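The values are calculated or read from the model by the stated rules, or taken from the named source; none is laboratory data. What you are looking at is a predicted structure, and each value in this text was computed from that prediction instead of being measured. For neighbour counting, all protein chains shown are included, and Cβ atoms are generated from backbone atoms with ideal geometry for every residue, glycine included. Surface accessibility is based on the protein's heavy atoms, side chains included, excluding ligands, DNA and RNA. Shrake-Rupley method; radii C 1.70, N 1.55, O 1.52, S 1.80 Å.
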Amino acid sequence: MNVGVFGWLTIVAFVAELVFAAFAFVFVRRLLRRTPTEVSERVGSVRLVLDKVRKGEPMSDDEADFAMQTITDRRSPMAFSIPAAIFTVGCLYVLAKLDQLHGGAPSWGTFIGVLPMLASINMTVELVKIGALKGRADRLTKPALPHEHAM
């Protein structure tokens, strides 16, 4: 069996895909097993509460809890397994196509796998941006200390 460099990289990408897909499956399964709240059942609720966190607008206790839960979920390392699985699918496609060429010139079709790779990078950036809201969400949910006025 004569396996070239792209063949070995394809095998590595396949193993990585299995690992990331397993983590993504477990993560999504955990999310689906949660009991839904009134806030989480509304259409567009995630965007609404995250926009309120970004702008520092007042929120109800339920919305604040939902915002913290959403931010915590998206900061989880397991959440990053979803874009990682999508990225490795793109890698798998590109590497397998390059392996099939046996030294030939690649065509545009070879690089169709770059599209899911770009999409996964976008997803990762969004997860990081949402994770960065943790500090703001902490300030919104904690009670403010009374200010003492010195006069």
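Looking at the stretch 77-90, which of the residues that are in contact (Cβ under 8 Å) with a residue 24 or more places away in the chain and open to solvent by 30 Å² or more (accessible area, probe 1.4 Å) is nearest to residue 8 (Cα to Cα)?
By that ranking, first place goes to 89.
Mind listing just one residue for me: the one in the stretch 1-22 that is within 18 Å of residue 117 (Cα to Cα) and of a type in the set (Phe, Trp, Tyr) and, of those, surrounded by the most Cβ atoms within 10 Å (Cβ to Cβ)?
Quick first cut of the stretch 1-22, residues within 18 Å of residue 117 (Cα to Cα) only: 6, 9-21.
Going one step further and asking which of them are of a type in the set (Phe, Trp, Tyr), we end up with 6, 14, 20.
On the way: 6: 18, 14: 16, 20: 21.
Checking each candidate, the answer is 20.
For the stretch 29-37, does any single residue satisfy the condition of being of a type in the set (D, E, K, R), surrounded by 14 or more Cβ atoms within 10 Å (Cβ to Cβ) and part of a helix (DSSP H, G or I)? Let's see the steps before the verdict.
Taking the stretch 29-37 as the starting set, the residues that turn out to be of a type in the set (D, E, K, R) are 29-30, 33-34.
Narrowing further to those that are surrounded by 14 or more Cβ atoms within 10 Å (Cβ to Cβ): none.
Scanning the stretch 29-37, I find no residue that is of a type in the set (D, E, K, R), surrounded by 14 or more Cβ atoms within 10 Å (Cβ to Cβ) and part of a helix (DSSP H, G or I), so the answer is no.
Return the residue satisfying two criteria in turn: it lies in the stretch 104-122 and is under 18 Å from residue 17 (Cβ atoms) and surrounded by 17 or more Cβ atoms within 10 Å (Cβ to Cβ), and of such residues it is modelled with the lowest pLDDT.
113
Identify the single condition in (1) farther than 18 Å from residue 128 by Cα; (2) open to solvent by less than 80 Å² (accessible area, probe 1.4 Å) that residue 25 does not satisfy, given that it satisfies every other one.
The single condition residue 25 does not satisfy is (2).
Working only within the stretch 69-83, note down all residues that are part of a helix (DSSP H, G or I) and out of contact with any Ser or Thr (no Cβ under 7 Å at 6 or more places or on another chain). Full working, then the answer.
First, pick out the residues of the stretch 69-83 that are part of a helix (DSSP H, G or I): 69-75, 81-83.
Those that are part of a helix (DSSP H, G or I) and out of contact with any Ser or Thr (no Cβ under 7 Å at 6 or more places or on another chain): 69, 70, 71, 72, 73, 74, 75, 81, 82.
Considering each of 71, 86, 11, 112 in turn, give the residue that is closer than 30 Å to residue 139 by Cβ, out of contact with any strand residue (DSSP E or B) (no Cβ under 9 Å at 6 or more places or on another chain) and among the β-branched types (Val, Ile, Thr).
On inspection, the qualifying residue turns out to be 71.
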